[in-house]
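Reviewing the structure listed below.
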Amino acid sequence: MAKCPKCERKKGKRFCPALDTSICATCCAEHRLTTIPCPQDCAHLGAEYYQRHRRRERAQSAGRALRSTLGRLLYSRAMLDFAFQVLADAYWWHRRHKRPWPPDDAMADALEGVSERLSALAMPTSGDALVAFLVELCRRGRRHADITRAGLEPARRRDALTILARHIRERARGSDPEGAWFVSEVCPYFDALDFEADLDYSPAEELADGRSTSGDGAAGSIGTFTGGSTTRPSGLVVPRE
């Protein structure tokens, strides 16, 4: 049996009609609908659509608390999008670097640090790796830039982060002294999703692209918080109440 032409390591056991050859199951899963133009009647593609649907359903259910919190705190759709995106970035960073989930005070510190560095005033580079990463994405990431172009003023971005940080600190001092907000509301939503497959989301690639926006801007959102569920081209279905 011939080796898979995509990875050239494993045996090609799965016939790919788009490539007219057999590839391994791993490459089929990783490259379908991205580098491989799969026909809609491909038998393997149907299974992937089913799994995406199941993940979206789980995310909708798990994300109700997060959606309720952000909807109660923030007063515009653009601010909701921005806060949601920053939390996704923070989640991705912790998973990528295998860091423990942040206690509430640490997460609040990070959000306040990002808010300060998005100010029009020049701020020194943060020594906190998470803050530096989030600031860089806010300034240069494609998704954050899309939010900015949609009408979110720089001051409102800072407001969103400050409001969310204040809420996290109040929870830590009150009913949630163990500091588990990030774990109890943010993680369950993103745990249910595959960032690459469901969100078409890769912050590292966005920064590597080097596509920066002018001034305070940076790139688009992975969803909007509306009354129901919203589907973007990436396929993300935002949690609903």
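Annotations
- Calculated FRET value between residue 184 and residue 3, using beta carbons and R₀ = 51 Å, to 0.05: 0.65
- Taking amide H atoms as placed 1.01 Å from N in the peptide plane, the amide H of residue 21 lies under 5 Å from those of 16, each 5 or more residues away in sequence or on another chain.
- Between residue 128 and residue 65, the modelled label-to-label distance comes to 2.2 nm, taking each label 7 Å out from Cα in the direction of the beta carbon.
- Modelled label positions at residue 194 and residue 173, each set 7 Å beyond Cα in the direction of Cβ, lie 4.4 nm from each other.
- Ordering 171, 157 from the fewest to the most neighbouring beta carbons within 10 Å gives 171, 157.
- ³J(HN,Hα) computed for each position of segment 141-154 - Karplus, 6.51 cos²θ - 1.76 cosθ + 1.60, integer Hz, glycine/proline x: x, 4, 5, 5, 5, 4, 5, 5, 5, 6, x, 7, 6, x
- For segment 95-172, size of Cβ-based charge dipole, Lys and Arg +1, Asp and Glu -1, in debye: 460
- Hydrodynamic analysis of segment 23-66 uses the Kirkwood radius over alpha carbon pairs. Inserted into Stokes-Einstein at 37 °C and 0.692 mPa s, it gives a translational diffusion coefficient of 277 µm²/s.
- For segment 65-209, the relative contact order is 35 percent, taking Cα pairs closer than 8 Å that sit 6 or more residues apart in sequence and dividing their mean separation by the residue count.
- The modelled label-to-label distance for the pair residue 10/residue 153, using points 7 Å beyond Cα in the direction of Cβ, is 5.2 nm.
The numbers here are math on the coordinates, done by the rules we state, and not lab data. Since the model is a prediction, treat every value here as computed from it, not as a measurement. FYI the Cβ positions are ideal-geometry reconstructions off the backbone, even for glycines, and counts take in every protein chain you see.
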